[in-house]
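Below you'll find the structure, written out as structure tokens, and then a few comments.
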Amino acid sequence: QVQPVASGGGLVQPGGSLRLSCLVRGITLDSYVIGWFRQAPGKEREGVSCISSSDGFSDGQTDYGDSVKGRFIISRDVARNMIYLQMNDLKPEDTAVYYCAVDDVWSLTCAVERVIESKYWGQGTAVSVSS
């Protein structure tokens with residue numbers, strides 16, 4: 001079973017940045033749709049970002065939630081089995097536990113709304129944005 005675990009969270013002031021990391025062992029990351037979702041206190045899971053599989057001709061398409069577009073960047077390092085989420089210009093409403101996720105599908109497209117339906121996810125990392 002694939003159990004990605006996120007790390008790199010912490011406390012940051014509004015306007016600051018964090019980079020979250022996720023190590024995923026046992027799979028080839030560009031063969032699957034991967035992404036990040038978050039869950040704020042008292043709220044449901046929310047897809048943050050996703051990146052599609054690669055067909056060898058592109059690096060895959062990405063999608064972002066409206067609230068994070070222009071601020072967050074998803075990436076992956078296939079050789080190192082790592083998924084990243086660079087978060088810039090953080091806002092208090094970004095406060096949540098963030099989870100990396102892997103869907104057991106091969107697709108050249110992804111939709112951030114589907115991230116919460118991913119097959120695999122594990123321990124998240126808490127991000128708190130506050131003065």
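The values are calculated or read from the model by the stated rules, or taken from the named source; none is laboratory data. Here the structure is a predicted model, which is why all the values come from computation and not from measurement. Counting neighbours? That spans all protein chains shown, and the Cβs are built from the backbone with ideal geometry, glycine included. Side chains included, ligands, DNA and RNA excluded: accessible areas come from the protein's heavy atoms. Shrake-Rupley method; radii C 1.70, N 1.55, O 1.52, S 1.80 Å.
Within the stretch 83-97, being closer than 14 Å to Arg71 by Cβ and in contact (Cβ under 8 Å) with a residue 60 or more places away in the chain holds for Leu85, Gln86, Met87, Asn88, Asp89, Leu90, Lys91, Pro92. For the structure I just gave you, tell me whether Ile73 is of a type in the set (A, V, I, L, M), under 20 Å from Ser17 (Cα atoms) and without any contact (Cβ under 8 Å) to a residue 40 or more places away in the chain. Considered against the rule, which asks whether it is of a type in the set (A, V, I, L, M), under 20 Å from Ser17 (Cα atoms) and without any contact (Cβ under 8 Å) to a residue 40 or more places away in the chain, Ile73 comes out as yes.
Consider Ile83 carefully, then state whether it is under 20 Å from Ser17 (Cβ atoms) and surrounded by fewer than 18 Cβ atoms within 10 Å (Cβ to Cβ). Spelling it out, it is not the case that Ile83 is under 20 Å from Ser17 (Cβ atoms) and surrounded by fewer than 18 Cβ atoms within 10 Å (Cβ to Cβ). Looking only at the stretch 86-111, count how many residues are open to solvent by less than 10 Å² (accessible area, probe 1.4 Å) and closer than 21 Å to Pro41 by Cα. Going through the stretch 86-111 one residue at a time, the tally reaches 7. For the stretch 29-50, a tally of residues being over 18 Å from Ala96 (Cβ atoms), among the hydrophobic types (A, V, I, L, M, F, W, C) and open to solvent by 10 Å² or more (accessible area, probe 1.4 Å) returns 1.
Kindly establish whether Asp77 is modelled with pLDDT of 95 or more and either farther than 21 Å from Val5 by Cβ or of a type in the set (Asp, Glu) (or both). No: the conditions fail for Asp77.
Quick check on Tyr64: is it open to solvent by 30 Å² or more (accessible area, probe 1.4 Å), out of contact with any Leu (no Cβ under 6 Å at 6 or more places or on another chain) and modelled with pLDDT under 95? Criteria not met by Tyr64. If you go through the stretch 1-41 and keep only what is part of a loop (DSSP other than H, G, I, E, B), modelled with pLDDT under 95 and more than 15 Å from Ala111 (Cα to Cα), you end up with Gln1, Val2, Gln3, Pro4, Val24, Arg25, Gly26, Ile27, Thr28, Pro41.
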